[in-house]
Amino acid sequence: MKELSENCDRIIANPNDIQKLQSQGINFDIIPSQTISDLFEQRKEKAHIIAPLLPILPKGLPPAIQALYQEIRECIFFGLNGAAITMSSILIEYIIKHVTYITESNGYQNADPQKWDDFEDM
């Protein structure tokens, strides 16, 4: 155990395993996880710093694209960068499908919203 924990400042383990090790005489300093309130406050402070640095939400976009864009911004505000990357790929895919559908329909005026679901499923 000593060799495995060398140069580590924390070990994440099953609470039952920790109890077994403690009963065998191995001492652990157990540090409780942060509370939801603490985590939220930390992320809120960072969000106040990050939010003004991001580009504003573009105007005139279709509602679905605006919603995805805003969700990406919110992920970034709160440090959820992996989720922001995933949402960005979803946004790109959606925009490509949307532009292709509008182009195939010969413009917005000819686009049939009823056919969008079939097109998106292709």
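Computed from the coordinates by the stated procedures, all read-outs in this text should not be read as laboratory data. Because the structure is predicted, anything quoted here is derived from the model rather than measured. Glycine gets a Cβ as well: all are built from the backbone with ideal geometry, and neighbour counts include every protein chain shown.
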**Q.** Size of charge dipole - region 1-93 - debye, nearest 20, with Cβ of Lys, Arg +1 and Asp, Glu -1, no other charges
**A.** 280 debye
Q: Calculate, for L4 and S33, the FRET efficiency according to 1/(1 + (r/R0)^6) with r their C-beta to C-beta distance and R0 30 Å; round to the nearest 0.05.
A: 0.85
Q. To the nearest 20 debye, what is the magnitude of the charge dipole of region 60-118 about its Cα centre, counting +1 on the Cβ of each Lys and Arg and -1 on the Cβ of each Asp and Glu?
A. 160 debye
Q: Restrict the search to region 25-122; then list the trypsin sites (Lys or Arg not before Pro) that DSSP places in a loop and that have at most 10 other Cβ atoms within 10 Å of their Cβ.
A: K59
Q) What is the extension gain from K97 to I11, computed as 0.36 nm multiplied by their sequence separation minus the C-alpha to C-alpha distance, in nm to one decimal? A) 26.4 nm
Q: Count neighbours as other Cβ atoms within 10 Å of each site's Cβ, and list the GluC sites (Glu not before Pro) in region 1-75 that are DSSP loop with at most 11 such neighbours.
A: E6
Q.
For K115, give me every one of the lysines with a C-alpha distance below 21 angstrom, ignoring sequence neighbours fewer than eight places off in its own chain.
A. K97
Q. Rule-of-thumb check for the chain: C-alpha Rg over 2.2 N^0.38 Å?
A. 1.77
